[in-house]
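To start, the structure under review is shown below, and the notes come after it.
The values are calculated or read from the model by the stated rules, or taken from the named source; none is laboratory data. Bear in mind the structure is a predicted one, so any value in this text is a computation, not a measurement. All Cβ positions, even for glycine, are placed from backbone atoms using ideal geometry, and neighbour counts span all protein chains on display.
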Amino acid sequence: MLIEKYELEVLTPPCEPGAERFTAVARLQTDIREVFPYLNATLRGAVYNPTAPAVTWTKGGHTVAFHPDRIAVSNVADRDAAIKEVDGLVKLVNRIWEQRDELTPDFVTHQRPTPMAVYKLLPGTNCKACGEPTCFTFALRLAAGQVQPEKCEPLWTDAYGEQREALLSLVEAGPGVAIGRAT
Ligand code: SF4
């Protein structure tokens with residue numbers, strides 16, 4: 001097990017005094033930088049910065065930052081949510097570390113697609129079936145890794161087969177498996 005112990009901190013972002021959302025930080029006793037290429041190989045949409053080193057990742061409505069000595073997750077509602085999110089991330093890191101012999105580490109920094117590049121491949125009908133008011137709003141969220149392409153139902157009809165394939169190639173340019181899918 002890579003991370004056996006950590007201390008949890010729940011912080012108000014310094015730029016938002018009085019904010020109702022918090023940032024949770026797990027302070028680690030073990031340096032976890034060796035797992036970063038495996039996180040990069042596994043978490044869909046992760047961005048690996050080998051210089052820092054760090055890995056950032058969007059999970060649902062949270063931005064997650066993995067640093068050698070800490071894991072930070074933004075936009076948590078309260079201490080209970082912080083405990084749940086951080087515990088899940090620690091388990092995720094440990095699981096990926098334990099699976100490393102079966103994974104190919106990825107040392108490449110994959111850039112996220114731009115919202116405009118995503119938007120150009122959507123049907124563009126603003127039908128709202130995905131729950132977003134416009135296709136561009138959906139594109140913003142998809143580019144940020146906050147929603148999955150499957151939420152755009154029209155895209156999965158025969159009429160948009162080529163666009164769908166192009167979009168999947170774009171958003172899945174980095175490797176990714178189910179373990180890392182944002183919900
Ligand atoms: S379901 Fe697809 S086509 Fe409809 S608004 Fe959402 S992104 Fe646009």
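Among the candidates LEU140, LEU89, the residue that is assigned to a helix (DSSP H, G or I) and either more than 21 Å from SER169 (Cα to Cα) or more than 16 Å from the ligand (Cβ to nearest atom) (or both) is uniquely LEU89.
Yes or no: the range 44-64 includes at least one residue that is touching a residue at least 60 places away in the same chain (Cβ under 8 Å), assigned to a strand (DSSP E or B) and surrounded by fewer than 15 Cβ atoms within 10 Å (Cβ to Cβ). There is at least one residue in the range 44-64 that is touching a residue at least 60 places away in the same chain (Cβ under 8 Å), assigned to a strand (DSSP E or B) and surrounded by fewer than 15 Cβ atoms within 10 Å (Cβ to Cβ). Of VAL25, VAL10, all but one fail to be aliphatic (A, V, I, L, M), in the same structural domain as TRP97 (by TED's automatic domain parsing), part of a strand (DSSP E or B) and farther than 28 Å from GLN111 by Cα; the exception is VAL10.
Listed by first and then second residue, the pairs with beta-carbon distance under 6 Å, at least 6 apart or on different chains, first residue in the range 125-139 and closer than 10 Å to PRO115 by Cα, second within 6 Å of the ligand (Cβ to nearest atom) and of a type in the set (Asp, Glu), are PHE138/GLU132.
When the test is whether a residue is more than 21 Å from the chain's Cα centre (by Cα) and either at pLDDT 95 or above or within 8 Å of the ligand (Cβ to nearest atom) (or both), GLU153 passes it. Going through (1) in the same structural domain as LEU28 (by TED's automatic domain parsing); (2) in contact with an Asp or Glu (Cβ under 9 Å, 6 or more places away or on another chain) one by one, LYS84 falls short only on (2).
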